[in-house]
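Below you'll find the structure, written out as structure tokens, and then a few comments.
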Amino acid sequence: MRKRLTQRISAALAALVLVFVGWTWWQSLVPSTYSAMEMGYADFGGGEEFGHEDGAELANAARGAATSEPRPVRDVSELTGGVKGEPDVSVELTARQETATLADGTTYDGYTVNGSTPGPTINATVGDLVEVRFRNDNVDDGTTLHWHGLDVPNGMDGVAGVTQDAVAPGEDFVYRFLADEVGSYWYHSHQVSNEQVQRGLFGAIVVHPDRRSLQRAELGVQDVTALVHTYAGVRTVNGVAGDWRPDVTAPVGSKVRVRVVNTDSQRLSVWVPGRPFRVLATDGHDVNAPEEVEDVAVVLGAGARADLEVVVPEGGARVEMGSVSVLLGEGEPPAGDQPEERIDLLSYGEASQEDAQLRRAAESNSFDREFDYDIGRRPGFLDGKPGVWWSINGGLFPDVPMFMVQEGDLVRMTVRNRSGEDHPMHLHGHRLTVLARDGKPVTGSSWQVDSLDVDNGETYEVAFVADNPGVWMFHCHNLPHAKDGMVAHLMYEGVSTDFVVGGTRDNRPE
Ligand code: C2O
Ligand code: CU
């Protein structure tokens, strides 16, 4: 009797668990076509809520339906910056799926831009109007270009399914934007980006402070761009495995600027064996009064850049990145072990008045919105697949926050990583100012990033001004992680997008 009762109870429990698991599974399914605007749930970061009185979907929130003064809704395709006139820099870029010959002569089956991978470096001077006619020759899945680190207008951001449709074979798309921030950036596909970036569809874009700097770069005088990328398991600099000697004028005693771009999904350490150097810029932002350092490594998360200044000694210098190097000057200086110490950008350089607005807001605790971006890992279903997946604020994609902002907001975000692995977090369209790490405030130069490598166990406090309306991705730049759902968005009031992920154009941003 008693035994039968127990049996019935366990049967009922088992059924309940099954129903629960089934429901969780069903809930996790991502429709084959959906709008980024309907993803997850609105998170207003404690600030003014708009347009969601009846708990209506995000779309309504963004439309500002319930605000006192409803703003006219603009579609992302209208957010083009409206820059008219003749471009100062005009480039044609053609994407192709083909067997590429890398600079070191090896062949690689992947993607090219104008016949090579990396694609050509675009050089511009600050303030230039840049126009890129992008053509997809034969990339079957379609493709786009995203301007990583450049805060272009949303309609030029190049995210398939969010800011545009993937460009189909035979079609083209014209990107136009003002290059209004000096620095080292890169461009890459944001359609099936996990595969297309990994297999070569990217290049560099450098914005110079003046004509002279641009001319020197074009003539190869003391200015080197080093895109580090791993093709089929082999790490290269600009397509050269091992040592790469750039064709650059760098006499003994001259200062060379080496722009290192980490285009991989893994971290990259950079060091200069036996020589002092400076870090002039991180993620395209100049460090204020960078001091000389020696025997330390600069660690770059995926997507990040660092500009190093090396003074060329007799016998040359080596900028080393583990198995690959850039050789400057004559001679072949020996490789050296990776230094144990790494530069801490929290205290590098000298404090300046930059970001005064954000720092004041931090001091007086007067942000308009404060968000959490908590990265974890937990078992569950991701689009119906069981596994242990990355979570954002406890939820698995697409059950993630939509960070809602209004133009002009001062925003603080706390990024916490308790997932067991590091994550290079990349926000589109905005520059993040680092305020503190693990409660320790920045004491050196203003530290600005678009790609923030957050180690397991770390907590970063960052801030930004919401000054670029649109729908913007905020995702992990370890692209396989993004593909596995480490993606959220920042959405402005009064902006909507008619583009969809999936759909007839088969948009697949990750
Ligand atoms: Cu470098 Cu969303 O990308
Ligand atoms: Cu990640």
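The values are calculated or read from the model by the stated rules, or taken from the named source; none is laboratory data. Since this is a predicted model, take the numbers as computed values, not measurements. Neighbour counts are summed over all protein chains in view; Cβ atoms, including those assigned to glycine, are modelled from backbone coordinates with ideal geometry.
Note on the stretch 407-450: residues that are away from ligand 2 (no atom under 16 Å from the Cβ) and of a type in the set (D, E) total 3.
Which one is farthest from D172 (Cα to Cα) among residues in the stretch 146-160 that are near ligand 1 (Cβ under 8 Å from one of its atoms) and in a strand (DSSP E or B)? Among those residues, the one meeting the criterion is H148. Answer yes or no: is there a residue in the stretch 445-463 that is away from ligand 1 (no atom under 16 Å from the Cβ), among the aliphatic types (A, V, I, L, M) and part of a loop (DSSP other than H, G, I, E, B). No, there is no match, as no residue in the stretch 445-463 is away from ligand 1 (no atom under 16 Å from the Cβ), among the aliphatic types (A, V, I, L, M) and part of a loop (DSSP other than H, G, I, E, B).
Residue by residue, here is whether (1) among the β-branched types (V, I, T); (2) under 19 Å from N138 (Cβ atoms); (3) in a loop (DSSP other than H, G, I, E, B); (4) free of Cβ contacts under 8 Å to residues at least 24 places away in the same chain holds:
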{"position": "P169", "(1), (2), (3), (4)": "no, yes, yes, no"}
{"position": "Y185", "(1), (2), (3), (4)": "no, no, no, no"}
{"position": "N194", "(1), (2), (3), (4)": "no, no, no, no"}
{"position": "V206", "(1), (2), (3), (4)": "yes, no, no, no"}
{"position": "R212", "(1), (2), (3), (4)": "no, no, no, yes"}
{"position": "T230", "(1), (2), (3), (4)": "yes, no, no, no"}
{"position": "R235", "(1), (2), (3), (4)": "no, no, no, no"}
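The set of residues in the stretch 358-382 being outside any strand (DSSP E or B), over 24 Å from the mean Cα position of the chain (by Cα), at pLDDT below 95 and not hydroxyl-bearing (S, T, Y) consists of R360, A361, A362, E363, N365. Give G380, G394, G315 a once-over and let me know the one that is of a type outside the set (A, V, I, L, M), exposed (fewer than 15 other Cβ atoms within 10 Å of the Cβ) and farther than 24 Å from V298 by Cβ. From the options G380, G394, G315, the qualifying one is G394. Scanning the stretch 490-510 for residues that are more than 16 Å from ligand 1 (Cβ to nearest atom) and in a loop (DSSP other than H, G, I, E, B) returns E493, G494, D498, V500, G503, T504, R505, D506. When the test is whether a residue is away from ligand 2 (no atom under 16 Å from the Cβ), among the β-branched types (V, I, T) and under 18 Å from the mean Cα position of the chain (by Cα), V454 does not pass it. Among the candidates V192, V224, the residue that is crowded, with 20+ Cβ neighbours inside 10 Å and over 25 Å from L427 (Cα atoms) is uniquely V224. Evaluation of R63 against the conditions (1) at pLDDT 75 or above; (2) more than 24 Å from Y373 (Cβ to Cβ) shows that the sole unmet condition is (1). Taken over the stretch 152-174, the criterion of being in contact with a Lys or Arg (Cβ under 8 Å, 6 or more places away or on another chain) and crowded, with 24+ Cβ neighbours inside 10 Å is satisfied by M156, A160, G161, A166. A search for C-beta distances below 9 Å between a residue of the stretch 282-300 that is without any contact (Cβ under 8 Å) to a residue 24 or more places away in the chain and any residue that is crowded, with 22+ Cβ neighbours inside 10 Å and in a loop (DSSP other than H, G, I, E, B), counting only pairs 6+ apart in sequence or on different chains, returns E294/V272.
A residue that is outside any strand (DSSP E or B), within 15 Å of ligand 1 (Cβ to nearest atom) and not acidic (D, E) occurs somewhere in the stretch 465-474. Checking the stretch 479-489 against the condition returns no match, with no residue being outside any strand (DSSP E or B), more than 16 Å from ligand 1 (Cβ to nearest atom) and small (G, A, S).
The single condition from (1) surrounded by fewer than 21 Cβ atoms within 10 Å (Cβ to Cβ); (2) within 10 Å of ligand 2 (Cβ to nearest atom) that H477 fails is (1). Within the stretch 343-352, is even one residue out of contact with any Cys (no Cβ under 7 Å at 6 or more places or on another chain), surrounded by 19 or more Cβ atoms within 10 Å (Cβ to Cβ), in a strand (DSSP E or B) and of a type outside the set (A, V, I, L, M, F, W, C)? Checked against the condition, which is being out of contact with any Cys (no Cβ under 7 Å at 6 or more places or on another chain), surrounded by 19 or more Cβ atoms within 10 Å (Cβ to Cβ), in a strand (DSSP E or B) and of a type outside the set (A, V, I, L, M, F, W, C), the stretch 343-352 yields no hits at all.
Of the residues T112, T99, the single one that is at negative phi, part of a strand (DSSP E or B) and without any contact (Cβ under 8 Å) to a residue 24 or more places away in the chain is T99.
Counting only residues that are touching a helix residue (DSSP H, G or I) at 6+ places or on another chain (Cβ under 8 Å) and either of a type in the set (S, T, Y) or surrounded by fewer than 21 Cβ atoms within 10 Å (Cβ to Cβ) (or both), the stretch 199-220 holds 0 of them. The single condition among (1) buried (at least 23 other Cβ atoms within 10 Å of the Cβ); (2) touching a His at 6+ places or on another chain (Cβ under 8 Å) that G429 does not meet is (2). Applying the criterion of being among the aromatic types (F, W, Y) and away from ligand 1 (no atom under 16 Å from the Cβ) to the residues of the stretch 356-395, the residue that is farthest from S35 (Cα to Cα) is F367. Scanning the stretch 353-371 for residues that are closer than 30 Å to G420 by Cα and surrounded by fewer than 17 Cβ atoms within 10 Å (Cβ to Cβ) returns a single hit, E370. Filter the stretch 396-436 down to the residues that are among the polar types (S, T, N, Q) and either within 16 Å of ligand 1 (Cβ to nearest atom) or closer than 22 Å to H146 by Cα (or both) and list them by number. Correct list: T433 only.
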